[in-house]
1. Looking only at region 25-55, count every residue that is buried (at least 23 other Cβ atoms within 10 Å of the Cβ) and either at pLDDT below 90 or not in a loop (DSSP other than H, G, I, E, B) (or both) and tell me the total.
2. What are the residues in region 67-80 that are in a strand (DSSP E or B), over 16 Å from LYS139 (Cβ atoms) and either among the aliphatic types (A, V, I, L, M) or touching a Lys or Arg at 6+ places or on another chain (Cβ under 9 Å) (or both), if any?
3. With the requirement that a residue be of a type in the set (Ser, Thr, Tyr) and farther than 14 Å from THR41 by Cα, what does region 56-102 give you?
4. Exactly one of (1) part of a helix (DSSP H, G or I); (2) of a type in the set (Ser, Thr, Tyr); (3) modelled with pLDDT of 80 or more is unmet by SER83. Its number?
5. In region 58-68, is there at least one residue being modelled with pLDDT of 95 or more, closer than 20 Å to GLY124 by Cα and surrounded by fewer than 16 Cβ atoms within 10 Å (Cβ to Cβ)?
6. Could you tell me whether any residue of region 92-105 is modelled with pLDDT under 90, buried (at least 23 other Cβ atoms within 10 Å of the Cβ), over 16 Å from HIS123 (Cβ atoms) and in contact with a Cys (Cβ under 9 Å, 6 or more places away or on another chain)?
7. Pick out the one residue from TYR132, TYR51 that is out of contact with any Phe, Trp or Tyr (no Cβ under 9 Å at 6 or more places or on another chain) and free of Cβ contacts under 8 Å to residues at least 60 places away in the same chain.
8. Only one of (1) surrounded by 11 or more Cβ atoms within 10 Å (Cβ to Cβ); (2) modelled with pLDDT of 90 or more fails for PRO72. Which number is that?
Amino acid sequence: MKKSRLGALAMATAGTVAMVGLSTGTAHAGVAGYNLCAQATGSAANSLCLYYNSNQEGSFAAFTRNVADLDPWIFGHIGTPNSAGQGQGVKNNAASAANPGSNCWRVYFNSNYAGASDYIGDHGYRQLTATYNDNASVKAC
């Protein structure tokens, strides 16, 4: 009987450790994607990256100026942990964003900075919610 209690305790502890490991993985992915964006843009005051996948993963596109229509832009930078989305158009395909610069940015649902938008604060990163896979323009605040 004692052996099975110890085994159950060991399995419960291992499960807790595994869950803790999984919960921190997302945060690390966001930081890694943010760091790649900072490298690609040189952490310019006006810099924003949009990512093909959630959690700042997959390929990304870097911006250092306002763009009224994302239609001609593509995901050209290889991100972490893979290059998912590389070569795909950015318009209506971005799931997350990072802003290593000191200005805030908005990602807009429509072209010409109109419609619903997501706010990305300075030196921040986040999932897109109002514009998740429905994004058409970006503008620094």
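1. Residues flagged as buried (at least 23 other Cβ atoms within 10 Å of the Cβ) and either at pLDDT below 90 or not in a loop (DSSP other than H, G, I, E, B) (or both) within region 25-55 amount to 7.
2. Residue satisfying the conditions is ILE74 alone.
3. SER59, THR80, SER83, SER96
4. Status for SER83: all satisfied but (1).
5. Checked region 58-68: at least one residue is modelled with pLDDT of 95 or more, closer than 20 Å to GLY124 by Cα and surrounded by fewer than 16 Cβ atoms within 10 Å (Cβ to Cβ).
6. Scanning region 92-105 turns up no residue that is modelled with pLDDT under 90, buried (at least 23 other Cβ atoms within 10 Å of the Cβ), over 16 Å from HIS123 (Cβ atoms) and in contact with a Cys (Cβ under 9 Å, 6 or more places away or on another chain).
7. After applying the criteria, what remains is TYR132.
8. Against the list (1) surrounded by 11 or more Cβ atoms within 10 Å (Cβ to Cβ); (2) modelled with pLDDT of 90 or more, PRO72 comes up short only on (1).
The values are calculated or read from the model by the stated rules, or taken from the named source; none is laboratory data. Model, not experiment: these values are computed from the prediction. With ideal geometry, Cβ positions are generated from the backbone for all residues, glycine too; neighbour counts draw on all protein chains shown.
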